[in-house]
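Everything below concerns the one structure shown next.
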Amino acid sequence: MRIGLFLAAVCLYGQTYTGSIGGRVVDGSGSAIPRSQVTIIEEATNTTLKTVTSDSGDYLVNYLKPGSYTVQVSAPGFKAHVETGVPLQINQARRIDPVLEIGQVTEKVEVTASAAQVNYASPEIGQVVDAQQLVELPQIATNSRGRSPFLLAKLLPGVTTNGNTYTNINGFSFAGGRKATNEILVDGVPTTNPSDNTYTLTPSPDSISEFKVLTTPFSAEYGHTGGGVMIATSRSGGNVVHGSAYDLFRNRILNGRDFFSPAQSTVKYVQNDPGGTIGGPVVIPHLYNGKDKTFFFVDFNVTLASQGNVFQGIVPTELQRNGDFSQTLAGGQVVPIYDPNTAHLAPDGKTILRDPFPGNVIPAGRFDPVGAAILKFFPPPNANINGNNYFVTPPSTNDNWQYLGRIDQNFGQNDRAFFRFGQYSPNNNAPDNIPNKANNGTFGGWVDTQAVINETHVFSPTLVSDFRFGLVQEDNYTTAATAPVPELGLKGVNLNSFPQVSVAQMVALGSKASNHDRDRSWVFNEALTLTKGRHSVKFGGDFRRQMYDSYSPGKLSGSYTFGNTFSAVSPNDTKSGFGLADLLLGMPASSTFSFNDYTYRLNINSAGGFVQDDFKILRNLTLNLGIRWEWDGPYSEANNQFASFNPSIVNHVTGNLGDVQFAGRGGAPTHFSPNIYHDFLPRVGFAWSFLHDTVLRGGYGVYRLPAIGFSSIGPVSQYAQAATFTSLDNNATPRYTLSQGVPPIPYNVDAAGNPNIPASLSNPTQNVTQLEFRDRTPYNQTWQIGMQHQFKGNWLAEIDYVGTRGVKLPMLEAMNQLPYAQWGPGNRQGLRPFPQYLTVNKFVNDSNSFYNSLQTSLQRRWNNGVLSFAYTWAKITADLDGSAVQDIYNVRAEHGIASYDVPHRFVANYVYRIPLGRDGKLLNGVPVIQDIVRGWEFSGITEFQVGLPLAVTQNNGTGGFTGTQRPNQIAPAALAGDQRSLAAWFNINAFTQSAPFTAGTAPRYSFYGPGIENWDASLMRNFQIRERLRLQFRGEFYNSFNHPNFKNPNTTLGNINYGRITSDNGPRNMELGLRLFF
């Protein structure tokens, strides 16, 4: 299908998940050729787009999907210029500058495009991970999360994580930003959850065409980020049906031996990772032929894992089930069982005594019916192992489902659209420890859903619209592995699941509570591109309607503990009585109930608007100017079940300053943090091609950190119920028996009907938090200057300086510490600023950070593969970034290395098809041998990195309610490489215990922990069965050389393992795979 787009001729770089092809058409003398015909053809779908060059010879076609294109240029009096195989990456402004030769237009000059190209259009720093890397590089599938293509962001400069391994995208930092503050866009739709700002929808690597990480996203269209932006585009179908089917297999036998284990693990582990893709034109025989018009793509992947699990313990014997404890022994002696109904005073008039059951047997008529019903759910004995009579090995299983479908449609000359739907669902299944309703495990997991509709419409030759509407949702669940149990007959509670029953010495019955929460966002996004003269102006905005529902009701059936309390000769006697006897008698020692049968419904909305002008001042100089307005609203709760501590009001109980306010009550607002509508964020940049194939680029931008991610601060419910029932007469008699039913459980509200958060000057019990009341926006300032150069042979080199200053960053500030002068011995609760409470935190925007880095990369893409290197040299400093604070009144002393600082990181990745055998450069044409040696390929990822900062700690003896007491540092802590050992990773004599009631001299972080030295590799053999049918066998080796990557040493002064390393991140894992490509 041919789509005629007559677009103006200015280079545009703000393309989000699409790209553009543009350039200048000139003759042999360098003079512009106006009104030249330019035709751009997407090779996979034959979609054709046309334009003409301007009077200056410039042309541009934008909103193009990543892929391979053919560019045809013709003009009267010149030979036609045809450039094939033009690769276009996501978010790329591709330049094709044809030089036309004099001749007949029917003559052609054909050129094959090169892969590498410098960024002539913008200052942004960003690199692409393409489809080849996504499929060919080794990517381990974890049993709890499956395979994630986004983890390959670790290949790029400026990307680090806050842990020892790069296995969770939520911990990644882009260009010095805090974790979980980055923006991740899939097909232009954000994937962040409003509850915690983590990311939804992890698609399989086979479903993503490519992705790009922008560590300096200077275009004003990007927002809602405290670091960088990752943009990804899903795969789509073409005119030819293509697909794949595969399975990846792992088990323990293929793995190496752990460094700290004497032998290879014998714990069963099996994992399979089957999946497949298919894409092509939509064809319904005799009804519809979608060639050149309608295309589909479908991806499916599931990771199935089973791990060995042992569950053992003690269960009642057949005699005990019948009330016969005559053979119940302890220390070789029969445990006597006493009748609680015979309680009487001893001769001393104080001690309560009970009479024994005759024969140490509880008569059946004395069985409590509820207790007896519970007893039936204990499994029968089946073993005699290490003193346990119950032993089972139910596997622990995980299943992770990933699937995605997409439909693309070309409606006509001026309209293109697509619809994409995807889900990601990791599930942890409960081991069948107890094979009935009393199983003590829980199921857990979540379901991520994302759907997007996109339409690109050409209004005129100079005005193009791109509209997106999306749904982003995550459902998290924890489900008790039990069904309702009305047969227990326990009154006063909801028996929707088996209660938690803990009987002394016996296996526990009943699982933890079920809960469920849901993040949901509706996303609207519109961008218009207007070209006029040398200006390309993009303007638009987005709105996000974000909601978070959370239901954590607690264990509605309750939790019950049975000891020897009421079957012992006297209360608190330890040599008589038995917990199982107390259960049969229906007499719990204690029962606990903590309910909140209410669903919180939090709302938080955000919006943004932007104008971006990319002004081509000269042929080799582009100026990028932008301004963004952004609003991130505060959290509110639908029924005002929300609260905040206010230090400025008088406490209604104690009469001193500091009380809790409840949303919408007593004059309090429905949200405590203000709406801020005046955040305007400037962006400026330039790209100057001062030499051939060389560009100098620089820029500056301001970014507002997202307000989402803090849903746990504020919600409080008036529907909560809580009670703990114990004996009222010092364990002489129970509070109630099970057959009587549970006593009424009161609602936890005060006299005014507000949630009860008691304040007390004599016995404080509560912790409270203040929300940010001030009009105060957290933001980052980012600046960059750098250079790109393309060498011969498609080598692309880049070097950049990147700096980021974090201002007014979110933090929790301890408000109830004592000033240094008041630290001391004894009970000093009364001296605290708010003595009516224990911990008082203030969630405020007061923290700061500073990031400086040198980011370098060198990469080459060619027919036989990819070779890429990235190195980052960086330093991040901060004052309050989540670590414990020694003295909140001396924040300056807290400034130092940030907790996620990584000074040096080098990473290489490579994919290489060995040119041996048939169709190769070597041994081609040698009979038999050419087919034996053909088709080999290898790939890998190599990482070297300094570890994360570490701090030595000690017992807190400040006497000032501080977050920590640091030791004194008297010498350098770091040791040279040849001095470090597993017994002393750092200088353990560099620290001494600081005296009580003093502040230690050690900084927050004194040295760095063990780093990363890792090689992951894949070796593949391809068998060409037919022209379009290829079979690939592959072996993947994670931590190929079984090199131990150690975890952090123990850093607690006085601990027996102080300074020692006792664990690592695991041995080599090997995976075998089979793929069929068609």
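FYI, it's all coordinate maths here, none of it is from the lab. Source: prediction; values computed, not measured. With ideal geometry, Cβ positions are generated from the backbone for all residues, glycine too; neighbour counts draw on all protein chains shown.
Look at the dipole of segment 2-112 built from charges on Cβ: of Ile33, Tyr17, Val52, the Cα furthest out on the positive end belongs to Tyr17.
When +1 charges are put on Lys and Arg Cβ atoms and -1 charges on Asp and Glu Cβ atoms, the dipole computed for segment 42-121 relative to its Cα centre reaches about 180 debye. Under the shape rule built on the C-alpha gyration tensor, where the axes satisfy a ≥ b ≥ c, segment 553-638 is prolate, since a/c reaches at least 1.5 and a/b is greater than b/c. The magnitude of the dipole of the chain, with charges of +1 and -1 set on the Cβ of Lys/Arg and Asp/Glu and taken from the Cα centre, is near 1000 debye.
Neighbour counts of other Cβ atoms within 10 Å put Trp522, Trp446 in the fewest-to-most order Trp522, Trp446. Note on segment 2-112: Cα convex hull, mean projected area over all directions, 6.2 nm². At a Förster radius of 51 Å, what calculated FRET efficiency corresponds to the Cβ-Cβ distance of Ala483 and Arg1026, to the nearest 0.05? Efficiency computed from Cβ-Cβ geometry: 0.45. Relative to the current alpha-carbon distance between Phe543 and Asp693, full extension at 0.36 nm per residue lengthens the span by 50.0 nm. Note on Ser497, Ser204: ascending count of other Cβ atoms within 10 Å places them as Ser497, Ser204, the fewest first.
The peptide list 692-699, 486-493, put in order of mean Cβ contacts within 10 Å with the highest first, becomes 692-699, 486-493. Stretching Leu621 away from Asp97 to a fully extended chain increases their span by 187.1 nm, per 0.36 nm per residue minus the current alpha-carbon distance. Be a star and scan segment 789-827 for residues whose amide nitrogen sits under 15 Å from the point 7 Å along the Cα-to-Cβ vector of Ala995. Output list for this probe position: 821, 823-825. Which one of Leu771, Val684, Val111 has its Cα pushed farthest toward the positive end of the charge dipole of the chain, where Lys and Arg give +1 and Asp and Glu give -1 at the Cβ? The Cα lying farthest towards the positive end belongs to Val111. Phi angles across segment 780-788 convert, under the Karplus curve 6.51 cos²θ - 1.76 cosθ + 1.60 with θ = phi - 60°, into 3J(HN,Hα) values of 10, 10, 10, 9, 7, 9, x, 9, 10 Hz, Gly and Pro given as x. In this rough spin-label picture, where each label sits 7 Å from Cα along the Cβ direction, the Asn675-Tyr288 distance is 4.3 nm. State the Cα centre-to-centre distance between segment 846-882 and segment 488-550 in whole Å. So the separation of the two Cα centres works out to 32 Å. Spatially, segment 24-42 and segment 266-284 are offset by 46 Å when compared through their Cα centroids.
The simple Förster model, with R0 at 35 Å and r as the Cβ-Cβ distance, assigns Ser56 and Ile799 a FRET efficiency of 0.65. Here the Karplus curve 6.51 cos²θ - 1.76 cosθ + 1.60, taken at θ = phi - 60°, turns the phi angles of segment 20-34 into couplings of 9, 10, x, x, 9, 9, 9, 9, x, 8, x, 7, 5, 10, x Hz, with x standing for Gly and Pro.
The ranking of Thr45, Thr393 by Cβ neighbour count inside 10 Å, starting from the fewest, reads Thr393, Thr45. Between the residues Phe296, Gln402, Phe1041, the greatest Cα displacement towards the positive end of the dipole of the chain, with unit charges on the Cβ of Lys, Arg, Asp and Glu, is found for Phe1041. Among the listed options (1) 131, 81, 63; (2) 107, 72, 69; (3) 125, 73, 67, the one matching Cα extents along the principal axes in Å as calculated from these coordinates is (3).
So how far, in whole Å, is the C-alpha centre of segment 908-941 from the one of segment 620-646? If we compute the Cα centre of each part, the gap is 54 Å.
A simple packing score, the average count of other Cβ atoms within 10 Å per residue, orders the peptides 796-806, 281-291, 317-327 as 796-806, 317-327, 281-291, with the highest score first.
Computing FRET efficiency as 1/(1 + (r/R0)^6) for Lys792 and Ala983, where r is the C-beta to C-beta distance and R0 is 35 Å, gives about 0.10.
Take the Cα of Glu110, step 7 Å toward its Cβ, do the same at Ile1056, and the gap between the two points is 7.7 nm.
Helices in the chain, meaning DSSP H runs of at least 4 residues, each add -39500 (n - 2.57). Divided by all residues, the mean residue ellipticity at 222 nm is -500 deg cm²/dmol. Placing pseudo-labels 7 Å out from each Cα toward the beta carbon at Ala971 and Ala723 gives an inter-label distance of 6.2 nm.
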